[in-house]
Amino acid sequence: MHTDLVAALDIGGTKIAGALVDGDGGILVRAQRATPAREDGDTVMAAVDQVLGELTAAPLWGGVAALGIGSAGPVDASAGTVSPVNVPGWRGYPLVERARDAVGGLPVELIGDGVAITAAEHWQGAARGHDNALCMVVSTGVGGGLVLDGRLHPGPTGNAGHIGHISVDLDGDPCPCGSRGCVERIASGPNIARRALADGWRPGPDGETSAAAVAAAARAGDPVAVASFERAAQALAAGVAATATLVEIDIAVIGGGVGKAGDVLFTPLRRALERYATLSFVRRLTVVPARMGTDAGLVGAAAAALAGHADRTGTATAGV
Ligand SMILES: [Zn+2]
């Protein structure tokens, strides 16, 4: 039985969520603010402080051992700074130091949001029981993280497993990251919709042009919509196969809005993996949908805080 209690923050471009989380992943107290993403850095930090203020005011706060933060990236865990693409006021922002001040000097663990989702899926979700896993979020962007040898592998700066910016198309379209033909440039929700529209797909009477609308059209048999998902599935499969070949993962978990498309995505993805993951040691690789819901970022940040706490105190934590 685990009685450890930690605080968790999930910082994204639209909201800042906070929670107190117990050693079994149960969420006991919640707080949330909208992210003032277009404001200056101190204004964004003030919203974080409000969330932390609600948590520190909770009667349970006295038992909190550490704070885990999962943030939109890029993050630099070694420097304790964040530079989220969607929060321009934060560039090299010293989030760890500021957050530590706000929580009375408790230890703070910072990881990227893709790594946080991975920690959550490994602890409580679809990658539970797998010692070598890749977990991905496919939505507005494509992120991810790795579990290797049974442990979360955030890498020195907290960004390892960022599969969205592996290039899978050597002469492909320029990506905002500066490279070309990245997985994200082909498989993210907006890029699935963009490709479908460019190839002649037209939305229904509601005018919705999201990837979810393209998925609905694909399910109804629209060949252009089907082709756009097949192209995304190919890009994802190439990235997953490359990862499996490099580090011998045996499961890839796919979440995010695009991950909810179901068979429209997973059927062509499994078919494409048959073509790209060909060596004997990656043939058993499976691809499954994520199981964690909207709390994945919080649960993953809590997992990182618990793991850091266990490392400091020499105690073991289950599955983290
Ligand atoms: Zn890129």
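Restricting to the stretch 10-48, name every residue that is under 14 Å from LEU306 (Cα atoms) and either small (Gly, Ala, Ser) or touching a helix residue (DSSP H, G or I) at 6+ places or on another chain (Cβ under 6 Å) (or both). Answer for the stretch 10-48, where residues must be under 14 Å from LEU306 (Cα atoms) and either small (Gly, Ala, Ser) or touching a helix residue (DSSP H, G or I) at 6+ places or on another chain (Cβ under 6 Å) (or both): ALA19, LEU20, VAL21, GLY23, GLY25, GLY26.
In the set (1) farther than 21 Å from ILE27 by Cβ; (2) away from the ligand (no atom under 16 Å from the Cβ); (3) in contact with a strand residue (DSSP E or B) (Cβ under 8 Å, 6 or more places away or on another chain), GLY129 fails one condition alone, (3).
Whether any residue in the stretch 194-205 is within 21 Å of the chain's Cα centre (by Cα), more than 20 Å from GLY13 (Cα to Cα) and modelled with pLDDT of 95 or more is what I want to check. Within the stretch 194-205, not a single residue is within 21 Å of the chain's Cα centre (by Cα), more than 20 Å from GLY13 (Cα to Cα) and modelled with pLDDT of 95 or more. Being more than 22 Å from GLY181 (Cβ to Cβ) and either free of Cβ contacts under 8 Å to residues at least 60 places away in the same chain or touching a Leu at 6+ places or on another chain (Cβ under 6 Å) (or both) is a description that does not apply to THR245.
The residue list ALA116, ALA160 contains one member that is modelled with pLDDT under 95 and more than 21 Å from ARG284 (Cβ to Cβ), which is ALA160.
Conditions tested, residue by residue: (1) hydrophobic (A, V, I, L, M, F, W, C); (2) within 27 Å of ALA277 (Cα to Cα); (3) touching a residue at least 12 places away in the same chain (Cβ under 8 Å).
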residue	(1), (2), (3)
GLY150	no, yes, yes
HIS165	no, yes, yes
VAL168	yes, yes, yes
SER210	no, no, yes
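Whether a residue is surrounded by 19 or more Cβ atoms within 10 Å (Cβ to Cβ) and outside any loop (DSSP other than H, G, I, E, B) was assessed, and GLY53 does not pass this test.
Answer yes if at least one residue in the stretch 144-158 is within 14 Å of the ligand (Cβ to nearest atom), in the same structural domain as TYR276 (by TED's automatic domain parsing), touching a strand residue (DSSP E or B) at 6+ places or on another chain (Cβ under 6 Å) and farther than 17 Å from ALA244 by Cβ, and no otherwise.
No, there is no match, as no residue in the stretch 144-158 is within 14 Å of the ligand (Cβ to nearest atom), in the same structural domain as TYR276 (by TED's automatic domain parsing), touching a strand residue (DSSP E or B) at 6+ places or on another chain (Cβ under 6 Å) and farther than 17 Å from ALA244 by Cβ.
Would you check which residues across the stretch 171-190 are more than 11 Å from the ligand (Cβ to nearest atom) and touching a residue at least 12 places away in the same chain (Cβ under 8 Å) and list them? Selection gives ALA187, GLY189, PRO190. Consider ASP101 carefully, then state whether it is surrounded by fewer than 24 Cβ atoms within 10 Å (Cβ to Cβ), in the same structural domain as ASP22 (by TED's automatic domain parsing) and not basic (Lys, Arg). The answer is yes for ASP101. Being more than 10 Å from the ligand (Cβ to nearest atom), on the phi > 0 side of the Ramachandran plot and either buried (at least 18 other Cβ atoms within 10 Å of the Cβ) or among the basic types (Lys, Arg) (or both) is a property that GLY161 has.
The values are calculated or read from the model by the stated rules, or taken from the named source; none is laboratory data. Please read these numbers as outputs of a predicted model, since none were measured by experiment. Cβ coordinates were reconstructed from backbone atoms using ideal geometry, including for glycine residues, and neighbour counts include every protein chain displayed.
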